[in-house]
Amino acid sequence: MLQDLRFAWRKLAAGPGFAVVAILTLTLAIGANTAIFSAVDAVLLHPLPFPDSDQLVIVEENLPRLNLHLIPPSGPNFAAYRRHAACFSSLFAMIAGDVTLTGDGAPLDVFGVRITPEGFSTLGVTPLLGGLFTAEQEQLGKDRVAILSAGLWVNRYGRDRSIIGRNIRINRESYRIVGVIPAIPYFRGKVDIWTPLAFTPDEIAPGARLPHYVDTVGRLKAGVTIEQARQEFHAIGARLVEQYPDQAARDPGFSISLRPLSTKQAGDLGTPMLVLVAAAGTLMLIACANVSNLLLARGMLRRKELSIRSALGAGRSRVVRLLLTESLLLALSSAVAGVLCASYALRLFAQFGPAGLISGKQPTINIWVLLFSVGASISAIALFGLVPSLAVSRVDLADSLQDATRGSTSGRRLLRESMVALEVAVCLMLLVGTGLLMRSFQRVAGEDPGFQPSHVLTASVSLPAAQYREAAQRAAFIRTLVERVRALPGVRSAAVIDYLPYSGGPGSGIGIPSRPREANEPSVVVRQNRASPGFFRTMGIPLLRGRDFLASDERGTPGAAILDETVAKLFFADVDPIGRQVTLPFAGMTLPIVGVVRATKSGSLATAPLPRIYYSVPEVPFPALSLVVKTDGEPMLMASAIRRQIAALDPELPVTSRSMDQILDDSLDRQRFALRLMSGFAMLAALLAAIGIYSVLAYLTNQRRGEFGIRLALGARRSNVLALVLRQGFIPIGAGLIAGIAGALGLTRLLGNFLYGVSPTDPATFAIVAAGLIAVALIAMAIPANRATRIDPSEALRYE
């Protein structure tokens with residue numbers, strides 16, 4: 001065996017071209033399979049790093065009248081679920097948001113979560129240091145305690161084990177640290193600090209109509225299925241409607257939805273990743289078939305060598321073992337390289353994947369997936385290597401010693417050509433999917449968001465309620481900050497808004513005093529943003545009618561509201577809204593309408609603008625604070641100057657700065673990632689298809705050397721032989737194109753939700769992909785076709 005390995009290594013080293021192509025083919029297939037299955041395992045199969053995570057269920061609500069689906073419950077509804085749900089062994093609530101950490105270093109904005117105490121036991125969390133929250137700490141007045149994540153403990157407090165019992169300042173209020181826990185992913189963000197969630201009596205008053213912002217998660221009891229839990233919550237929902245008819249009248253069609261918490265993680269990437277799983281498996285089969293064809297073509301070129309071995313006494317089993325050893329050596333070399341390739345691919349997955357795609361640690365090579373991929377590849381290559389080994393070893397010594405090259409049987413030729421057709425079909429399907437995603441991405445990226453993001457810098461700060469309790473304090477801070485920033489060199493304009501585009505914000509139904517809503521009329525959720533004078537000029541949002549906000553709107557007057565054109569069309573289609581009034585629940589008042597501006601997109605460039613109203617009122621504090629600055633040059637160059645102005649007003653305020661271009665770019669992360677995944681597999685499929693076409697034609701051309709020599713000897717021109725070889729290659733390619741188009745029509749339906757502005761059957765994409773694939777096929781066929789035209793007729797006839 002050792003002698004066979006040494007000889008196999010020498011033979012592979014003597015033909016480096018064949019070895020490189022074969023190892024590269026298998027490496028790509030093994031690496032792709034291991035990487036994609038490991039990623040799918042992390043994203044779809046085991047996305048949550050919690051024990052028995054399949055028992056974790058998220059509770060959400062639907063308000064069809066407001067066109068709101070799968071939203072968090074309200075505080076009163078969570079309290080009702082907690083009282084009545086018997087299907088859960090535990091149920092907890094979470095409310096997330098940024099908090100400011102001061103003391104022990106520079107001010108720091110961190111991601112915090114308020115959680116009811118049973119949340120940690122539900123998730124199976126064990127503290128690294130100290131303890132967890134107790135039921136008593138859910139009470140108001142006893143909730144000033146905090147738990148740090150391990151990352152924050154290490155980075156800010158240097159692993160100080162005496163941190164337990166120490167007081168820290170969160171939003172400038174004192175909290176006592178009671179524990180340190182491992183980092184717990186919270187949906188798509190990593191939590192730095194945890195505090196108890198203690199509701200006020202008003203926040204959980206039965207039947208109260210309050211905002212929906214309480215993320216609710218439960219753990220199913222042993223033996224309870226999610227379907228049984230859904231039936232119980234259906235009954236709970238009906239009971240709530242019966243008990244609180246006033247609320248039911250406002251929200252007709254109210255229902256409760258339960259789904260596994262893991263489904264929230266993958267989101268809209270589930271379908272593309274499952275498509276890639278199927279593609280990865282198919283590519284593995286294709287790669288093995290390609291290497292089989294390469295082995296067979298190479299074996300046919302070694303017929304004379306093998307015949308001499310047989311003539312010298314080597315048995316058929318000895319010849320087969322020799323060829324099989326070469327196949328296994330290729331497989332093992334490819335397995336090692338495939339592991340390295342998969343590891344690198346997973347690093348790219350972590351680097352270029354959307355932020356927070358994976359809850360917990362980034363995917364690494366799954367040992368079981370790796371063992372399966374390597375085992376399957378070695379088994380497959382052994383099988384595929386055995387077939388050509390038997391075929392090559394089954395030779396007639398006289399013919400082989402004369403270097404006769406006969407044509408292959410029609411059955412084997414049909415099998416090889418069928419594999420080429422399959423490769424072309426799979427390649428076309430992936431390329432069409434990639435082409436559609438690319439065109440869709442270009443359409444989305446080219447969409448007008450309704451504002452001008454270039455040269456706009458944003459700076460978000462949080463004014464702690466402990467220090468800025470009065471609206472006048474907040475107003476004075478904002479007014480002074482805007483005046484200071486506007487005076488900076490290179491600043492064209494500056495303004496303030498509560499929630500930036502693509503950062504969420506409050507929304508609810510609105511009231512139009514001059515147009516009472518009919519009883520059965522559907523309500524519309526309207527986003528409501530507090531903005532300062534100059535905001536529309538700074539963001540480049542055109543004013544369509546009326547006027548902009550004035551400084552007087554914020555000082556001692558009733559304030560003002562400006563509608564976007566979507567709201568104007570919905571509520572004032574036949575009248576001029578200027579001078580009329582609108583009631584805004586979040587402002588808590590009725591305001592005069594002074595203008596109409598262009599609608600802007602938020603959340604996604606691929607969706608229509610949400611109805612939005614901007615308002616400016618006196619004596620109402622900003623719930624959040626984001627400064628927007630229009631600059632003459634690169635906006636991020638102004639970030640340090642703006643931080644200095646904020647620090648001059650309050651040195652303990654952390655600042656988060658980003659350009660609007662960056663915010664828009666980040667909103668395309670998931671579409672960009674899906675495109676990259678599909679593009680990578682499509683290019684891999686194209687490469688393997690080219691290798692497959694080349695290997696089959698190389699083998700078939702070598703089988704017909706004698707025929708081509710006779711044709712040339714009888715006067716055939718080299719162009720005739722070239723056309724003959726190309727015609728032979730185009731038969732399976734044409735069949736693959738037809739099958740691939742049919743398969744692509746089915747695949748693109750699965751990707752329909754990912755497409756924007758492009759039809760799943762876009763003829764231009766299909767035509768361009770087919771033309772490109774034909775070009776790749778022509779390149780792959782060029783080498784064996786050109787080799788066929790260079791056959792020496794006298795040499796071929798001498799062999800015959």
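The values are calculated or read from the model by the stated rules, or taken from the named source; none is laboratory data. None of these values were measured; they are calculated from a predicted model. When we count neighbours, we look across all protein chains shown, and the Cβ atoms used for this are built from the backbone with ideal geometry, even at glycine. We work out accessible area using only protein heavy atoms, side chains counted, and drop any ligands, DNA or RNA first. Shrake-Rupley method; radii C 1.70, N 1.55, O 1.52, S 1.80 Å.
Quick look at the values:
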item	result
Built amide H within the under 5 Å cut-off of ARG172, gap 5+	THR102
Amide H partners (placed H, <5 Å) of THR116, local residues excluded	ALA93, LEU197
Percent accessible area from carbon and sulfur atoms, the range 133-184, protein chains only, probe 1.4 Å	45
Packing-based order for 750-759, 157-166, 422-431, using average beta carbon neighbours within 10 Å, highest first	422-431, 750-759, 157-166
Per residue solvent-accessible surface (Å²) - the range 62-105, probe of 1.4 Å	34
Reciprocal mean inverse distance between Cα atoms of the range 158-227 - Kirkwood radius, Å	16.3
Cα-based shape type of the range 715-789, given that a ≥ b ≥ c are square roots of the gyration tensor eigenvalues and the cut on a/c is 1.5	prolate
Accessible area of the range 420-538 divided out per residue, in Å², using a probe of 1.4 angstrom	41
Which listed pairs, of LYS190/LYS221; LYS569/LYS630; LYS221/LYS601; LYS264/LYS601, have C-alpha distances above 32 Å, in listed order	LYS221/LYS601
The range 666-800, dipole about Cα centre (Lys/Arg Cβ +1, Asp/Glu Cβ -1), debye to the nearest 20	300
Rounded, prolate or oblate (a/c below 1.5 giving rounded, otherwise prolate when a/b exceeds b/c) for the range 55-97 by Cα gyration tensor	prolate
Per DSSP, loop GluC sites (Glu not before Pro) in the range 459-566 with at most 12 further Cβ within 10 Å	GLU470, GLU518
Contact order normalised by residue count of the range 91-217, Cα under 8 Å, 6+ apart, percent	35
Accessible area of the range 473-575 belonging to carbon and sulfur atoms, whole % at 1.4 Å probe	53
